[in-house]
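Working notes, beginning with the structure itself.
Here, each number is a calculation from the coordinates, and none is a lab measurement. Just so you know, these numbers come straight off a predicted model, no measurement behind them. Neighbour counts are summed over all protein chains in view; Cβ atoms, including those assigned to glycine, are modelled from backbone coordinates with ideal geometry.
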């Protein structure tokens, strides 16, 4: 294939070079000063005809070279295009679930099927009203979660942005009711307080308020972690003169440890690391005191 394309280029290239050299070497003499108007007109007409013929032949050569170039470009891009479409198809399959996956299960994962599968899915699921119905069902399906409230807010915002992209009007009491039904009571208290202050209240303001709440909470956790890393030191007990630490004295620490372990199950890594550090410091001090007593 490569050799045939190159072979088709060479004759056109050689003809083009020849014609350009030939055109460049043309010499047109000026008409005789004693010649008549008709003779001069005939001379200029002949010159124009010669140049027009040269230009037509040059354009034919350029057209042949352009066709050869397009053939070569298609030849070198075809493997790349097939590879890209195969990757797209693999990614598309990895994203499909449920009925959508069943709808395309009969097709082989091959580059030539990418366009077919894409069009099939587009015809079946790309109707805006169908997409909107799916998104509203997803919005309704979110559960109220006291612990994972930030994830709930982020998921709600994700769905609302998609509905906005479809052109849906979100300024509707039903949307507000759905959002509020997914929020813990302490967040609703903040929302109702803000609603009294910020009138007229809108869905857009509600979304902004909830997003700001998530952002502030995340920033507080980051700041707490940074302060903990900067300020944390081993815990020590000053002024202790006990000669022996028995089981009774260890009970408060044991209760503390149990409380901490319960909190660790509910808190993320920042609090977990902090309390583990505190317990480690207490245990180290107790061990040192015991060794001194012995």
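Please tell me if residue 101 is under 30 Å from residue 130 (Cα atoms) and either touching a strand residue (DSSP E or B) at 6+ places or on another chain (Cβ under 6 Å) or surrounded by 13 or more Cβ atoms within 10 Å (Cβ to Cβ) (or both). Here the answer is no, as residue 101 does not meet what is asked. Scanning the stretch 130-159 for residues that are outside any helix (DSSP H, G or I) and touching a residue at least 40 places away in the same chain (Cβ under 8 Å) yields 142, 144, 147. For the stretch 25-43, how many residues are surrounded by 12 or more Cβ atoms within 10 Å (Cβ to Cβ) and in contact (Cβ under 8 Å) with a residue 12 or more places away in the chain? Selection size over the stretch 25-43: 2.
Scanning the stretch 166-177 for residues that are surrounded by 11 or more Cβ atoms within 10 Å (Cβ to Cβ) and assigned to a helix (DSSP H, G or I) gives 175, 176.
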